[in-house]
Amino acid sequence: MSADKESSWRGLETIEAREAVLLAKYAMHSADSAGRKFAEPDQSYRGPFQRDRDRVIHTAAYRRLSHKTQVFTGEMGDYHRTRLTHTQEVATIARTIGRVLMLNEDLIEALALVHDIGHPPYGHAGEDALQECIADEGGFSHNQFALTIVQEIEIRYQDFPGLNLTKEVLTGQTARTDKNANAPRPLLEVQLVDAADSTTYDAHDTDDAIKLGLVTLEQMADLELIGRCLKYVQKNFACLDDDLKRKAVVHRLINIQVTQMLTHNAAELQARQFGSATEAMNSDFLIGPDEELDRQKKELESFLYENVYRHELLMKIRKQAQNRLKEMFSIFSNHPELFPEKYQARAQKIGNRRMAIEYIAGMTDEFCEQTYSLVSKEAAN
Ligand code: MG
């Protein structure tokens, strides 16, 4: 390395110096973090949000996402997304957009990786069943449970419970529990992860649903957004077989959404000239699709809702899974001796019914199946 290059690199040794060059004023800078509940010394080579991201990756709850349903269950094949691959796609898309908008990529990644960590087995069907079981006692939501996991359940350090994540990541996840339009706006990084979540599932649910044969591309051709993708694919690639055609449409679906989001939000941010992350939060600006894309996404999402999420096959699996979860809830609530030894103390603290919800919510689909066949036999004896 030439002496000149080395000296310019040397100026960027600290996280603060690197962020000062790479991030916009409206981004969340690590130096401005409100810190952690339990104070910890800074680390010289990793910023606070990068450490949060690494802590999330090393949790059991994160690893378990690989065996949790996104929309389609394991018995339907192995092509489709799991909760883990969905999470990784969200992180990838959010970082791509965040980098261009000069937002804090480490914070974005930490937020994306933690956003679905509280999902129970069987996706939203599982969530609805658990919510029904405990509706009058505080209810259950995967967004809220993510906070419980990272603040109480994951014990990885001797000095504090949970992961002791930064206040920015915890507040960002908290914002997901209250999506009321009048709620205070979260940081731009939090807004972006939310927008990337829908960018991601609109594309991969289309891909998975067609691949699984629940709907056809032809059936979706009249949807404006899919129509735009098809037109591009037909114009640019002459003779694709069905498989490549579906993939090309899905690539285009991601590309259109990301490009339009970037163009729209970059122009807005440039025009508004926010001087700080707080100023951006206190404004009426919200990262998201422009009006046209928003309308087209809503049309696609209502198609997916009616024809995919409510598909006869999924509804049947959904009902079975929900019945099993409810039965398990009742068994564990009435037989707390069936909780593994390590959960007995927590059961004493939060009560058997809440413990049953937490225990079930933490399970992978497969572990849930195994546990169900074990405990249903035991309870019958
Ligand atoms: Mg998600």
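What to note about this one:
- Cβ crowding within 10 Å, taken as a proxy for footprinting-reagent exposure, orders 245, 167 from fewest neighbours to most as 167, 245.
- Within the listed set 151, 43, 260, the Gaussian network model of the chain (springs between alpha-carbon atoms below 10 Å) gives the highest mean-square fluctuation for 43.
- For residue 183 and residue 131, the difference between the fully extended length at 0.36 nm per residue and the C-alpha to C-alpha distance is 16.4 nm.
- Its Cα gyration tensor gives the stretch 3-380 an equivalent ellipsoid, and the semi-axes of that ellipsoid, as √(5λ) in whole Å with the largest first, are 35, 31, 17.
- When 339, 49 are arranged by Cβ crowding within 10 Å, least crowded first, meaning fewest neighbours, the order is 339, 49.
- In this simple spin-label model, placing a label point 7 Å from the Cα along the Cα-to-Cβ direction at both residue 22 and residue 79 gives a separation of 3.7 nm.
- Near-label residues of the stretch 198-231 by backbone N, under 17 Å of a point 7 Å along Cα→Cβ of residue 88: 200-201, 204-205, 208
- When the Cα positions of 187, 267, 223 are compared along the charge dipole of the stretch 3-380, 187 comes out farthest toward the positive end, with charges on each C-beta of Lys, Arg, Asp and Glu.
- Basic side chains Lys and Arg get +1 at the Cβ, acidic Asp and Glu get -1 at the Cβ, and with that the dipole of the stretch 240-381 about its Cα centre reaches some 540 debye.
- Each residue of the stretch 226-233 is assigned a 3J(HN,Hα), and the resulting list reads 5, x, 4, 5, 4, 4, 5, 5 Hz, derived from the Karplus form 6.51 cos²θ - 1.76 cosθ + 1.60 (θ = phi - 60°), x at Gly and Pro.
- Considering only 151, 201, 276, the residue lying farthest towards the positive end of the dipole of the stretch 3-380 is 151, judged by Cα position with unit charges set on Cβ.
- Pairwise centroid distance, computed over Cα atoms, of the stretch 83-154 with the stretch 209-259, Å: 28 Å
- The chain, dipole about Cα centre (Lys/Arg Cβ +1, Asp/Glu Cβ -1), debye to the nearest 20: 360 debye
- Rounded to whole Å, sorted largest first: equivalent-ellipsoid semi-axes of the stretch 197-318, Cα gyration tensor: 31, 19, 11
- Length gained when the stretch residue 313-residue 42 is fully extended (0.36 nm per residue, less Cα-Cα span): 92.4 nm
- Spherically averaged projected area of the stretch 88-199 from its Cα convex hull (nm²): 8.2 nm²
- Selection from 85, 14, 367, by position along the positive dipole direction of the chain (Cβ): 367
Laboratory data are not the source of any read-out in this text; all were calculated from the coordinates shown. Remember, predicted model here, so these are calculated numbers, not experimental data. For neighbour counting, all protein chains shown are included, and Cβ atoms are generated from backbone atoms with ideal geometry for every residue, glycine included.
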